[in-house]
1. Between residue 182 and residue 221, how high is the FRET efficiency from 1/(1 + (r/R0)^6) when r is the Cβ-Cβ distance and R₀ = 25 Å? Nearest 0.05.
2. Hey, with R₀ at 41 Å, roughly what FRET efficiency would residue 57 and residue 284 work out to, going by the Cβ-Cβ distance, to 0.05?
3. At 0.36 nm per residue, and after removing the present C-alpha to C-alpha distance, how many nm does the segment from residue 197 to residue 261 gain when stretched out fully?
4. What's log10 of I(q)/I(0) for the chain at q = 0.06, 0.07, 0.08 Å⁻¹, Debye sum over Cα points only, no solvent?
5. Quick check on the exposure proxy: order 124, 151 from fewest to most C-beta atoms within 10 angstrom.
6. Calculate how steeply helix 117-132 sits against the longest principal axis of the alpha-carbon atoms of the chain, using the helix alpha-carbon long axis, and give the answer as 0 to 90 degrees to the nearest 10.
7. When the helices in the chain are scored as -39500 (n - 2.57) per DSSP H run of 4 or longer and the sum is shared across all residues, what 222 nm value do you end up with, to the nearest 500 deg cm²/dmol?
8. Can you give me the distance in nm between label points at residue 1 and residue 241, each placed 7 Å from the Cα along the Cα-to-Cβ direction?
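None of the figures in this text is laboratory data; all of them are computed from the coordinates on show. These numbers were taken from a predicted model, which means no experiment stands behind them. We place every Cβ from the backbone using ideal geometry, glycine too, and count neighbours over all the protein chains shown.
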Ligand code: 2P0
């Protein structure tokens with residue numbers, strides 16, 4: 001029996017991906033920018049085991065067997081094998097490419113609750129497949145075919161997913177714009193409001209948005225400028241600009257979701273309370289010290305410089321945590337996280 005185990009990180013988008021131009025290849029309507037989180041807290045762990053005697057491919061996610069014939073799973077498994085075979089075209093054979101695989105994947109955080117579990121999951125799966133088959137080369141475009149946002153989890157630090165223009169998706173992949181060491185003071189606090197699976201998957205939600213939202217067209221027309229400003233803010237470690245664009249991006253994503261017909265609402269009252277707390281905190285400080293972003297779920301990702309964490313976290317504890325250290329809302333712990 002041969003095994004490979006890897007861990008994969010979550011990434012949080014600060015310029016959001018929402019809408020595809022090609023559903024099958026998972027090609028986005030816009031480029032996006034993200035921050036990859038450190039793997040100490042939120043991560044997927046995937047093990048692939050295989051031997052000549054296994055008769056079927058099988059996969060277990062968080063201890064439950066899933067359908068291995070899922071088209072996205074099949075797309076990434078066959079793409080990694082195809083690329084690994086190509087590398088061996090000199091006649092050398094790699095027996096592992098013909099073995100059936102047993103794949104076990106676990107998240108140490110709520111799955112499908114708007115915390116980028118599919119990004120970590122597919123990013124990690126592709127990386128582990130590459131390790132198992134001894135393939136070294138481009139993986140981001142393969143991870144994209146599992147879940148769009150997964151292409152960004154292949155890289156650490158600050159990452160852009162270029163939407164690309166080729167019809168076959170060959171230029172739709174992520175690249176690192178700066179390593180995590182570039183801005184070590186930047187931290188993120190994750191407030192887990194709910195660990196419930198989201199009512200509308202990102203895939204279904206963005207499809208309905210593309211079909212019905214007028215606001216999406218307006219959003220897309222201004223995004224390139226925003227992406228450029230965000231990249232400059234990251235390169236210049238300009239927290240105020242980074243934070244303001246991040247908040248406005250989150251607000252616009254959720255406005256577009258509400259403009260979808262029927263509307264999609266991912267945030268809860270608690271999410272809105274967190275937004276109000278951040279704005280009040282910034283107003284009192286007469287500066288932008290903290291920013292929020294929400295994905296397809298109610299959970300908050302708050303960016304701030306690490307010097308701000310103790311003061312802001314004490315407010316979070318005061319408003320959202322009873323003395324036992326657990327959220328008043330759903331009884332879930334709040335996780336402190338540093339990039
Ligand atoms: C993002 N999200 O940029 C945005 C912000 C959610 C809100 O990427 O259909 O799970 O698998 O490509 O990657 C979630 O979308 O969707 C997402 P598919 P995915 O992070």
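1. Details: r = 30 Å, r/R0 = 1.20.
Efficiency, rounded to the nearest 0.05: 0.25.
2. On the way: r = 56 Å, r/R0 = 1.36.
Efficiency computed from Cβ-Cβ geometry: 0.15.
3. Values: separation 64, 0.36 × 64 = 23.04 nm, distance 2.12 nm.
Full-extension gain reported as 20.9 nm.
4. -0.21, -0.29, -0.38
5. On the way: 124 28, 151 33.
Exposure proxy ranking, most exposed first: 124, 151.
6. The helix 117-132 is inclined about 30 degrees to the chain.
7. Details: 9 runs with 120 residues, N = 339.
Only helices count here, giving -11500 deg cm²/dmol.
8. Taking the simple label geometry, residue 1 and residue 241 are separated by 5.4 nm.
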